[in-house]
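Let me begin by presenting the structure, written as structure tokens, before commenting on it.
The values are calculated or read from the model by the stated rules, or taken from the named source; none is laboratory data. Predicted model, so just to flag it, every value in this text is computed and none were measured. Cβ atoms come from the backbone with ideal geometry, glycine included; neighbour counts cover every protein chain shown.
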Amino acid sequence: MIQFVNLKAQYLTIKDEIDQAIQTAIDEVSFVGGKYAEIFEEEFASFIGAKHCIACANGTDSLEILLQAMGVGAGDEVLVPALTWISTAEAVSSLGAVPVFVDIDPDFYTIDLNKITEKITKRTKVIIPVHLYGQPVDMPKLMKIAQDHNILVLEDCAQAHGAEYEGQKIGSFGDCASFSFYPGKNLGAYGDAGGMVTNNDEIAQIARRIANHGQEGRHNHVSEGRNSRMDGIQAAILGVKLKYLNKWTESRINNGKLYSKLLESNENVNCPKILPNGKHVFHLFVIRTNQRDLILEFMKEKGVECSIHYPVALPFLTCYQSKGAIPADFPVANRIQNEILSLPMYAELTEEEIIYITSTLNSYEY
Ligand SMILES: *Cc1c(COP(=O)(O)O)cnc(C)c1O
């Protein structure tokens, strides 16, 4: 059986360092926030090339707190791509604001930059581009649209640690950026964790305050906030893993190249296209094909665990049905949701495994 993601395989390659980091955090009773969270904040900000990183409890909180720090509230509208994990929209609704969906690009599956302007109204406050599957959005172009309309930009980088556009790391283009360190992400903790990244001193200050009960200094609650902090043990683990991220990213990219090469002659399979000038970090390797559901079953029978990200685009989820979206409103997302299939992808995937997966896929009879 080839698993979709194998977190154990990665752990075994760095077991001693991880075990020691966990033990040290416990010995030092560094349980919530503290020294290891502070060290990680500094190292991660420098990795992205941004001024601030604020560690928090998970990627969903990170989105929500950053929106709040940018002043998003009841009645505001926030543009969100039609295809993404629900957190991107959930964070907007949880502040009483309204997620407004934008269809996706048919080649790169990220927010369609040509369909943003038509969705902008007087109430539009923020755009959230999602670097989906590890593919960067053309950020200079998106920033231009946002600036022309006086709208702020929050990058959702949960799937794209280390991705770049024109040699610059994503997460450093927008007004601020949200990261998730959920275990299965390209940089993952051993539990929930998240990070808020920004070059803007004011956003950084407010976000840090909100994530720690509105405090600016102990017992000085200048506003009400919430509890969203990173565990010390998770921070210590992330500190170890960050050192390996570039190496793991290279492996993911090489795995992606091998997949594409071995699937090249398969007329029934569309491999991911890479945005010109972009560095795609392959959080997921997502192909498109007809008979997707039959192939998913076929692969499972042959011992290959595949997955779908995501089988229902956000506008068509039950929880957003009250918005009344019809397929014609989001033609690309509507078509693609039935064709996408995520093949196993992680740094430790071997060449033999990729050969087995692709030859199995190539043996499927349409
Ligand atoms: C994983 C993910 C999130 C949320 O992160 P959590 O840490 O699971 O809360 C947000 N947006 C996208 C695109 C994601 O993939």
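Here are the numbers for this structure:
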| item | result |
| --- | --- |
| Of all residues in the stretch 45-61 being in contact with a Lys or Arg (Cβ under 7 Å, 6 or more places away or on another chain) and not small (Gly, Ala, Ser), the one that is nearest to the ligand (Cβ to nearest atom) | 56 |
| Residue among 42, 90 that alone is within 15 Å of the ligand (Cβ to nearest atom), closer than 19 Å to residue 195 by Cβ, in the same structural domain as residue 170 (by TED's automatic domain parsing) and surrounded by fewer than 18 Cβ atoms within 10 Å (Cβ to Cβ) | 90 |
| Scan of the stretch 172-189 for residues that are touching a residue at least 60 places away in the same chain (Cβ under 8 Å), more than 9 Å from the ligand (Cβ to nearest atom), assigned to a loop (DSSP other than H, G, I, E, B) and touching a strand residue (DSSP E or B) at 6+ places or on another chain (Cβ under 9 Å), ordered by number | 172, 175, 188 |
| The listed residue being free of Cβ contacts under 8 Å to residues at least 40 places away in the same chain and buried (at least 19 other Cβ atoms within 10 Å of the Cβ), out of 225, 232, 214, 194 | 225 |
| Flag if residue 211 is more than 16 Å from the ligand (Cβ to nearest atom) and in contact with a Ser or Thr (Cβ under 6 Å, 6 or more places away or on another chain) | no |
| In the stretch 247-290, residue nearest to the ligand (Cβ to nearest atom) [restricted to those that are within 17 Å of the chain's Cα centre (by Cα) and under 30 Å from residue 25 (Cβ atoms)] | 283 |
